[in-house]
Structures are given as structure tokens and as C-alpha cells.
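A quick write-up on the structure given underneath.
We did not get these values from a lab; they are worked out from the coordinates using the rules stated. These numbers come from a predicted model, not from an experiment. When we count neighbours, we look across all protein chains shown, and the Cβ atoms used for this are built from the backbone with ideal geometry, even at glycine.
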Amino acid sequence: MQSTLKRLTTAMAVAAIPTFAAAQELIVLDWSGYEDPGFIGAYVAKHGGTPNYSFFGEEEEAFQKLRSGFQVDVAHPCSQSVSKWHLAGLIEPLDISRIDRWDDVNAVKESFAIDGEYYMLPTDWGTTSLVYRTDLVDASKMDSLQVFLDPEFAGRISLPNNVDDVYALAFLATGVTDWTQATQAQFEAASAWLRKAHPNVVTYWADGAELAQLMTTGEVTVAWAWNETPTTLAGEGVPVTINREATEGSSSWFCGYVNVVDGPNSEDLMYDFLNAWMEPESASYIVNEWGYGHGNQTAVAALGDDLLDSVGLGPVSVPILAQAPLDNRMREQMIVEFDLPPAKSLTMM
């Protein structure tokens, strides 16, 4: 299991080789960490290095960057942003005839079809669930999402600095398992729940590496986290586990790459990049080393149920709130309520 430190070292090593960046024209707007060359081995082999990367910390930040005229070729939003970016005229359709393994792509791709054309290639997915330090908390108290309201854990809780993950938690905690059907009253109830949880939160984590450090030191003992965190920390011997079977449920998310309008560089490079992501080797790498799922469903299935279960991607018996594309009006309300960026203090307080 690759450690967080090793991942960060790899990322810094890639960033420290200017000949790679200078040799390649493709520009990718991405989450920090996804510059890992293990995801795109075929691209690196063909072009002698990785693309140029620019990073964002939250999708609203990426949206505002693109809307202001920031030029990139490819960007990496998650499912609920695709419609908004399309309506804003920021992305254009993919030519699926140029994606070699299109038939192997997870069926969630149909969620990103607009007027018969596809606007996102799903590449990575995961779960967001209750995660805790087994040596520092009583496991018998970790069976419900209401633990985030428990004053016993005040100052030892961390929630995501991410509007979608945090509202997935709030909706589940208030009894909603399909947020695409949520009413205004249910949205207000979820927001009220977040207000109650907020005083217990020591920090809103920005990425998996930050949360891993907080949980390793014991500063945070209970978190709402991506399955990357327990997968990585377990490999480092830190006593952290995931409970995807909390009474109210857990959440799942899907992200992928989009073709940005008027990208400055070659679409040939873009399709080389996308095809590299769809290689079975990429699927094996992201599952084994990061604990995330992959958009090549055929390749993921070939890895076997035991591996998927071990990294928190297997089936569960409780509800799963899928972070499916939302009505834009609802999501804009979520953004305003959560005040991103930055999300260190909620406007709802």
C-alpha cells in the first residue's frame, strides 16, 4: 500500500522536473495529487512525461477560474458540476469515437449525456463515510452519523471542506437518501443539522493528505472522510477504520475529465490523456494504491470482490446517497449556505 508521504514525494518529484512540463503542452486543471503519473502510465510512456497541471481545492474555485478566462485543455470536476459547467458554456462534448475503451466505461457515463452527446469521461469514484481512530474512541458509539453532534467528541471531529460531501452527510443524517428528490424543507433540515454539528468541528479538511495527518497525530479522532483515508492509514499502521454501515448510511461520488471549450492545445494530446486513464493498469493502480474506484468498470470487476471490499468499495446493507447531478438551484443554495470558499466558518452559524 502506497503511503501518503510516498504519494506526496512522488508528486513533488514530478513537479521538480521542468523538462516534463516544458515538453508537454496539454494543460490539466485538477485536484492536488492527481498529477501522480501512475494514473496515466501510457501517456507518460508515449510523450516522455506528464502534462502541465494547475490545481484547485474545490469545484466552485475551478468553476470561477474557468469563467474568468483561465485557459486549460482538460478539467476534473465531479458529477454534480457537469450540468452547471455546461450551462455556463465552459465545456464541449467529447468525441467518444476517440476513447478506445468507451464500451468498458462505467454506466454512470449516461448521467453526463446531454442532448445525445457526452460531456464527462468518468474516471474515478469513491465513498465518503464515518471514519475513526479505533484506539481513541469507543467503537460502540460509532454506529450512527449522529456522533457528529455528540459533545463528547467536540474538538476532535473533522468534516470535508467540500459542499457536496458535507451535504451528503447532512442529508443522510436527516433521513434523505436521494438528494435529487430533496424538498426545500429537507434542505433546510439538513442545513440546520450542519449548524448543530459545526461547534464540534475542529477543522474542515481540504484533502486526504491533510486529514491523514490530523488522524495520525490524534488531533482528529472522528471524521466524515473519503475511503482513501482509512485505506492509506491502515497501510501505514495507523489504527483507523471505516464504518460504511452506519445506521443512516454513507455516500458515493464519481468524478471525471471534461473537454474545456477553446482549450489552447492539441486535442490529440487530450485523447491520449483520456485513453491512458482508461487503461486497466490505471484501474489497478488507483484501487490498490489510493483505495478509489475507477471508471473502467470491466477492469475494476477483474480485480475481484475481496480487494474492493478491503478498500471500502464493496456493497453495504444500509442506504447509499449517490452524489448524482443535482438541480442547479439546489446546489447553488448549498454553496451559499456552506460559504465556499473558504469553508472554515459556515454562513449558517
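Figure the gain on full extension for residue 298 and residue 213 (residue separation times 0.36 nm, minus the Cα-Cα span) and round it to one decimal in nm.
Values: separation 85, 0.36 × 85 = 30.60 nm, distance 3.39 nm.
So the extension gain works out to 27.2 nm.
I'd like the distance between the alpha-carbon centres of region 62-103 and region 163-232, rounded to an integer number of Å. After rounding, the separation between the Cα centres reads 26 Å.
Per DSSP H run of n ≥ 4, the term is -39500 (n - 2.57); total these for the chain, divide by its residue number, and report the mean residue ellipticity at 222 nm rounded to 500 deg cm²/dmol. Result for the chain, helices only: -10000 deg cm²/dmol.
What is the extension gain from residue 61 to residue 261, computed as 0.36 nm multiplied by their sequence separation minus the C-alpha to C-alpha distance, in nm to one decimal? Each step should come with its number before you reach the end.
On the way: separation 200, 0.36 × 200 = 72.00 nm, distance 1.75 nm.
That works out to 70.3 nm of additional length.
Size descriptors for region 155-305: radius of gyration and Dmax over Cα atoms are 18.2, 50 Å. Spin-label pair residue 100-residue 327: with each label point 7 Å from Cα along the Cα-Cβ axis, the two points sit 4.4 nm from one another. In this simple spin-label model, placing a label point 7 Å from the Cα along the Cα-to-Cβ direction at both residue 318 and residue 70 gives a separation of 3.6 nm.
For the chain, give the share of DSSP beta bridges that are antiparallel, in percent and rounded to the nearest 5; count only bridges with both residues there.
Numbers: 26 of 42 bridges.
Among the beta bridges of the chain, antiparallel pairing accounts for roughly 60 percent.
Computed from Cα positions, the angle between helix 163-173 and the longest principal axis of the chain comes to roughly 40 degrees. Between 0 and 90 degrees, the angle of helix 267-277 with respect to the longest Cα principal axis of the chain falls at about 50 degrees. Distant-in-sequence amide contacts of residue 156, defined by a placed amide H-H separation under 5 Å and a gap of 5 or more residues or a different chain, comprise 202.
For the chain, the number of Lys pairs separated by eight or more positions or lying on different chains, with C-alpha atoms closer than 23 Å, is 5.
Mind checking the full-extension length gain between residue 54 and residue 183? Use 0.36 nm per residue of separation minus the Cα-Cα distance, one decimal, nm. Intermediate results must be reported in sequence, preceding the final value.
Values: separation 129, 0.36 × 129 = 46.44 nm, distance 3.67 nm.
Result for the pair: 42.8 nm of gain on full extension.
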